[in-house]
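See structure below.
The values are calculated or read from the model by the stated rules, or taken from the named source; none is laboratory data. Since the structure is predicted, the reported quantities are computational estimates derived from the model, not experimental observations. All Cβ positions, glycine included, derive from the backbone under ideal geometry; neighbour counts span all protein chains shown. Just the protein is used for accessible areas: all its heavy atoms, side chains included, with ligands, DNA and RNA removed. Shrake-Rupley method; radii C 1.70, N 1.55, O 1.52, S 1.80 Å.
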Amino acid sequence: MLNKRKALTFIPPVVLTLVFIVLSTNPGQRFIQLCFDHLFIFEYSAEQLSTYYPNFYCLVFLGSRFLLYGAIPLIVGTLITYRKALVRSRYFTWVKVAKPQPLWREPLFQMGAALSVLLVFYLVGSLSAVHQLVFTRLTLCWLVCYGVLYLLINLESVRQAILRYLFAPVTNKHLALVRISFYGYLCYLYLFVLPKFGHFEGLIRHDLPGPGWLVNWLPITDEIYLTLSWIGLALSICCMIGIRFRSIHLLHAVVITYLITAPNLFGKLWHHQLVIWCAWILAVAPTTDYLIIGQKNQLKASGKYGFHLKIIWLHFGLIYFFAGFYKLWLVGLDWALADTMLHQVRLEWLEHYQQLPSWRVDQTPLLLHLGGLTVILFELSFPWLLLHKTWRWLAIIGGMLMHRTIGILMYIGFGTWLVAFYLFFIPWDWFLRLSSKATLVNHRPDWKNYTYWVPLVFLLANLSCGIFRIDSYPFSVYPVYAARVPPTFSFLEYQLANKSVPPKAIWDLAQKYHFRWESFSRFEPEIILRYDQTGTIDTLAIQQQWLRWQNAIPELDTVTTVDVYILELPLDPDQYTDTLRHEFLVRLSLP
């Protein structure tokens, strides 16, 4: 029989089930629709609200802003203030961790139970898009509240577990091999990848959320970018071979930050921030305690050699977790189990110049939906899998398989900027049997030392960006691929005024030079939407789009006049020949 404490753990899923049952009734559905109809109060200004609530619009405005920005801090602050009372309360005994029980077991059970309840209601409830999204967000809100409660009530146990995880002994040779692998890979980026981003002629700078002042202050030219690429290569080689000067590692971190950030100041964000994070974290890590020039090596094992690796691992956890979280928060289970998953796959094919894979997964929708659901569950579970030595292999292998499958079926390449950094998970101590040969050295961290607070600042900053969904540099949330994709796609078609190169030939040339149109194509529906809504043609934005094609394809260098059309096609590959819209937009005259 279940004891009382174990029985109490089933109360939250039962309560969630009852809430869903109530909201599934006709009055519940009308209440949900009423709430959605009034969501504008969180977006409109006080002046706009005065049109709807002329007598008390100020109260509505202040109340909506409090709920939007102040409710969560107030709730969390209250819970922190009364934490001791929560710990003593008999109503929350089910949240407390029993001593023999691992810390991760109860949170995983609650997450699995809540998501299972949500999935059952989704499959049997015939919910509308609005209602399934409300159910999904209620589930996520409950899990967040549970997570806060769990952390506060088990604070000391969680703190000790985190310290054990961060400072588990690792050998200095392990960290040195990570240093060599990382900086060696950066040498490849400096030689063959980064030079492709150094074309800024004619492009206009755009503000970034946060460090917007960088846009006008930072000098960016093709020549500066190329010069710093060679300097970065030299510094990377110095760091790789083990020249023991901290200033070289820090200078390299500054250089790589510039080289990765500069191309993102021109309207398009490439999410390559992981390179910056790893460079700065390793710059302050004790990576030069082994395999360095001019010093006798002594094999040692200590917690200080594992701390920085674990912080990098946790950054991977943030990347995957928020990707899964926002898929559910923004779209709900519709992301995996409705047509939006099918349209997302087909959109990637269209953006790769209508190139189809050898196996069209869109013809097996059941398998596609199961794959989408698996992706969400894997992303949400990734941080937990990292905490256990055995499960960590499941996270690593699962991540590589997921990205490889997506690369084959959807042509989304994560290899260069994400999967390659799985090198931080290579268990060198296990492969080389180093732990048994090393001298164990006790370590007490000095939290005032920059060696520790710099990595923690990066981790907390990126956690904040994930919570508030901030896309910027150098801190950011990574792409979540959480859009609700329609069955058609509108984009810009370019026709040379002299008809020397037909539109289809431009696509062929783009494929020849490996121009990634899908990196910029999502701007084009926004340009078209503004034109449809206001009748205004954003000539400057259209010109910027064309310049990206011109900079990537040498055959287009001499083009001075180009006609731009709006082209709308269905995403279904079997209907590519069915043009839904073909409308002349503007003629560009270039210098």
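Quick notes on this one:
- The residues of the chain expose, per residue, 50 Å² of accessible area to a 1.4 Å probe.
- Debye intensity ratio in log₁₀ form over the Cα atoms of region 441-559, taken at each q of 0.10, 0.16, 0.20, 0.22 Å⁻¹: -0.54, -0.94, -1.19, -1.27
- When a 1.4 Å probe is rolled over the protein heavy atoms, the share of accessible surface on the chain that falls to carbon and sulfur comes to 66 percent.
- Length-normalised contact order for the chain - Cα pairs under 8 Å, 6+ apart - percent: 14 percent
- Rg over Rh for region 13-167 works out to 1.06, using Cα positions for both radii and the Kirkwood form for Rh.
- In sequence order, region 180-195 has phi-based couplings of 5, 5, 5, 5, x, 5, 4, 4, 4, 5, 4, 7, 10, 10, 4, x Hz under the Karplus curve 6.51 cos²θ - 1.76 cosθ + 1.60, θ = phi - 60°, and Gly or Pro positions carry x.
- The phi-based Karplus calculation (6.51 cos²θ - 1.76 cosθ + 1.60; θ = phi - 60°) puts the 3J(HN,Hα) values of region 266-279 at 10, x, 10, 9, 8, 8, 10, 5, 4, 4, 5, 4, 5, 5 Hz, whole numbers, x for Gly and Pro.
- Computed over region 88-185, the alpha-carbon pair-distance distribution with 10 angstrom bins reads 12, 29, 22, 21, 14, 3, each value a whole percent.
- Backbone amide hydrogens, once placed in the peptide plane, bring G202 within less than 5 Å of nothing, excluding anything fewer than 5 places away on its chain.
- Values of log10 I(q)/I(0) for region 208-328 across q = 0.14, 0.17, 0.18, 0.19 Å⁻¹ run -0.76, -1.01, -1.08, -1.14, by the Debye formula with one identical scatterer at each alpha carbon and no solvent.
- For L585, the residues whose amide H sits under 5 Å from its own are V564, Y565, I566, ignoring neighbours fewer than 5 places away on the same chain, with H placed 1.01 Å from N.
- Computed helical MRE - 222 nm, the chain, DSSP H runs ≥ 4 contributing -39500 (n - 2.57), nearest 500: -18000 deg cm²/dmol
- Ellipsoid semi-axes for region 525-591, based on the Cα gyration tensor and the rule √(5λ), read 23, 18, 10 Å when sorted largest first.
- Largest first, the extents of the alpha carbon coordinates of the chain on the three principal axes equal 77, 76, 52 Å.
- Virtual paramagnetic centre 7 Å along Cα→Cβ of F431, amide N under 17 Å, in region 177-201: 177-186
- Rounded to the nearest whole Hz, the Karplus-based 3J(HN,Hα) values (6.51 cos²θ - 1.76 cosθ + 1.60, θ = phi - 60°) of region 251-258 follow the sequence 5, 4, 4, 5, 5, 5, 4, 4, with x at glycine and proline.
- Looking at region 265-341, the trypsin sites (Lys or Arg not before Pro) that sit in a DSSP loop and have at most 15 other Cβ atoms within 10 Å of their own Cβ are K268, K296.
- Per-selection Kirkwood Rh - region 170-468 (Cα, Å, 1 d.p.): 21.2 Å
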